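Single-structure report; data block below.
The values are calculated or read from the model by the stated rules, or taken from the named source; none is laboratory data. Being a predicted model, the structure only gives us computed values, none of them experimental. Cβ: placed from backbone, ideal geometry, glycine included. Neighbour counts: every protein chain shown. Note: areas computed on protein heavy atoms with side chains; ligands, DNA, RNA excluded. Shrake-Rupley method; radii C 1.70, N 1.55, O 1.52, S 1.80 Å.
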Amino acid sequence: MASMSSISEELSEIEGQISDILRALSNGFQKLEKIKDTSRQSRQLEELTGKMRDCKRLVKEFDRELKDLDYKIDSETSKILNEKKQSMIKELNSYVALKKQYASNLENKRVELFEGPGEGFEEDNVLLASSMTNQQLLDHGNKMMDETDQVIERSKKVVHETINVGTETAAALKAQTEQMSRIVNELDSIHFSIKKASQLVKEIGRQVATDRCIMALLFLIVIGVIAIIIVKIVNPHNKDIRDIPGLAPPAPSRKLLWNTN
């Protein structure tokens, strides 16, 4: 068979693009095997899904171009090109099945919230490309990619819900932390108020004791003033105390006087 470019440059260009995408898919799945984080796996699967969509579109273009050239090429060349197309479709379907398997495993890691269409994908892959027509291969590949896209969408939904729950939990923890901080501040204020109240009570106690002493002193002064007033009333002419009946000192005895002489 002549080279692809000699048959059709457009067909050769499409084949080159498909080969590049299939090679990128092979490298992408090898990289996916080494990724352990589920979020990164999900992003990698989305990227690979986009490449598969591009590859499927190019395979359709390859098929249309091949049909346009069917009357220009001999039967042997047409057979070889059809086998080439089936080989590309088969390889693409193998990547679709592999992506579906990764998506199913990723979904099972997300706390099984739903049953994905991944069940029974092994039975679907039993069909070999050699026993299927071109249209059947395309339909089968489209069906598998649609099912895989649904699994990816559900996985993304679970991821978003998990992120939302985590955000709400973080907000609740932050609010509780702020509330605990306010409670601690209030307790500190109460403790300070109690301490100040204790000091105030002590000061009041000391003031009361001082006031009692002052009151006692004032009481004694008042008693003294009253006593002076009474004395003035009893002795209005300021007489000597010896002239007041009953208050004069006793007279000295004769013996004491004789001893003095």
(request) Assess whether THR167 counts as being within 30 Å of ARG40 (Cβ to Cβ) and at pLDDT 80 or above. (result) yes
(request) Give the residues of segment 34-59 that are closer than 30 Å to GLU10 by Cα and without any contact (Cβ under 8 Å) to a residue 24 or more places away in the chain, sorted by residue number. (result) GLU47, GLY50, ARG57
(request) Scan (1) over 16 Å from LYS99 (Cα atoms); (2) open to solvent by 30 Å² or more (accessible area, probe 1.4 Å) for the single condition ASP54 breaks and write down its number. (result) (1)
(request) Could you please find all residues in segment 129-139 being open to solvent by less than 30 Å² (accessible area, probe 1.4 Å) and either at pLDDT 70 or above or not in a helix (DSSP H, G or I) (or both)? (result) MET132, LEU137, LEU138
(message) Anything in segment 106-128 that is touching a helix residue (DSSP H, G or I) at 6+ places or on another chain (Cβ under 7 Å) and at pLDDT 50 or above? List them, or say none.
(response) LEU106, GLU107, LYS109, ARG110
(message) So the check is Cβ under 9 Å with 6+ separation or different chains; which pairs have a first residue in segment 136-159 that's without any contact (Cβ under 8 Å) to a residue 40 or more places away in the chain and a second one that's of a type in the set (Asp, Glu)?
(response) LYS143/ASP124
